[in-house]
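J.: Sending over a structure as structure tokens; questions will come in a sec.
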Amino acid sequence: IYAEYQWGNLEKSTDGGYSFFSATDGINPYDRTNWSTPVIMDPNNHLVLYYGANRLYKTTDGAGYWNAISSDLTNGPGSGNLTYGTITTVAVAQTDGDVVYVGTDDANVWVTTDGGSDWTSINTGLPDRWVTRVAIDPTNEAIAYVTFSGYRYDSPLPHVWRTTNYGTTWDDISSNLPEVPVNVI
């Protein structure tokens, strides 16, 4: 059992939840983490998990040890007394565990098709907003959806975008959604 609470505190239980221990060995404690740090299990392998700080971490042994598989995927720490410059969403393709999409609180969207060796920025043309969710089509890893929130900018417009080519191009599919930020797709 994995349990994560604010600012990326991740724990694991191997006795059905009677006791928990820290499951962040290998994650740099100085990396920036979001209040709701994404921790995602690969749908293809239950021992593979991803942890989003300002860079993406991966474990292949059920959170025994984590390795960074990216550099900083954000625009930096930002200013003020709040933590910005963090990964807010991670999605792993059901059709290919090497395909991972990442979104950040400073409008960056990235994809890797080789398990994290190479990353491609795919946010060209997308709104300059907090990325709330990236979701991958369950039958085609080239098709992905991205949602955004404009609360931070006092912009309550819906933002839903779709790609069919790993983010090379995007289509706005927000259409006639009500004027509220979209958090999940």
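The values are calculated or read from the model by the stated rules, or taken from the named source; none is laboratory data. Computed from a predicted structure; not experimentally measured. Note: ideal-geometry Cβ built from the backbone for every residue, glycine included; neighbour counts use all protein chains shown. Accessible surface areas use protein heavy atoms only, side chains included; no ligands, DNA or RNA. Shrake-Rupley method; radii C 1.70, N 1.55, O 1.52, S 1.80 Å.
J.: I'd like to verify a number: residues in region 94-115 that are at pLDDT 95 or above, part of a loop (DSSP other than H, G, I, E, B) and open to solvent by 10 Å² or more (accessible area, probe 1.4 Å), how many?
T.: Qualifying residue count for the region: 9.
J.: In region 116-129, what count of residues is obtained for those that are small (G, A, S) and assigned to a strand (DSSP E or B)? Walk me through how you get there before you give the answer.
T.: Taking region 116-129 and keeping what is small (G, A, S), we get 116-117, 121, 125.
If we keep only those that are assigned to a strand (DSSP E or B) as well, we get 121.
Count: 1.
J.: Among the residues of region 116-131, write down those that are touching a Ser or Thr at 6+ places or on another chain (Cβ under 8 Å) and either within 22 Å of N45 (Cα to Cα) or open to solvent by less than 20 Å² (accessible area, probe 1.4 Å) (or both). Reasoning before the result, please.
T.: Restricting attention to region 116-131, the residues satisfying the condition of being touching a Ser or Thr at 6+ places or on another chain (Cβ under 8 Å) are 116, 118-120, 122, 125, 129-131.
Correct list: G116, D118, W119, I122, V131.
J.: Regarding region 133-144, can at least one residue be identified that is outside any strand (DSSP E or B), among the basic types (K, R) and either modelled with pLDDT under 95 or under 12 Å from the mean Cα position of the chain (by Cα) (or both)?
T.: Looking only at region 133-144, we keep the residues that are outside any strand (DSSP E or B), and these are 137-143.
In the following step, the residues that additionally are among the basic types (K, R) were identified as none.
No; the residues of region 133-144 include none that is outside any strand (DSSP E or B), among the basic types (K, R) and either modelled with pLDDT under 95 or under 12 Å from the mean Cα position of the chain (by Cα) (or both).
J.: Here is a further query. Name the single residue, out of those in region 42-61 being in contact with a Leu (Cβ under 9 Å, 6 or more places away or on another chain) and surrounded by fewer than 16 Cβ atoms within 10 Å (Cβ to Cβ), that is nearest to A107 (Cα to Cα).
T.: This residue is T60.
J.: To continue, here is another question. Modelled with pLDDT of 95 or more, among the small types (G, A, S) and assigned to a strand (DSSP E or B): is that true of A91 in this structure? Before the answer, list the steps.
T.: Working: modelled with pLDDT of 95 or more: yes; among the small types (G, A, S): yes; assigned to a strand (DSSP E or B): yes.
In short, yes.
J.: For V160, only one of the following conditions fails: (1) open to solvent by less than 50 Å² (accessible area, probe 1.4 Å); (2) in a strand (DSSP E or B); (3) out of contact with any His (no Cβ under 8 Å at 6 or more places or on another chain); (4) under 24 Å from Q6 (Cβ atoms). What is its number?
T.: (4)
J.: Restricting region 1-40 to residues that are open to solvent by less than 90 Å² (accessible area, probe 1.4 Å), at pLDDT 95 or above and of a type in the set (S, T, Y), which is farthest from A53 (Cα to Cα)?
T.: Applying the filter and picking the extreme gives S19.
J.: Another one. Which condition from (1) under 14 Å from the mean Cα position of the chain (by Cα); (2) over 19 Å from L10 (Cα atoms) is the one that G80 breaks?
T.: (1)
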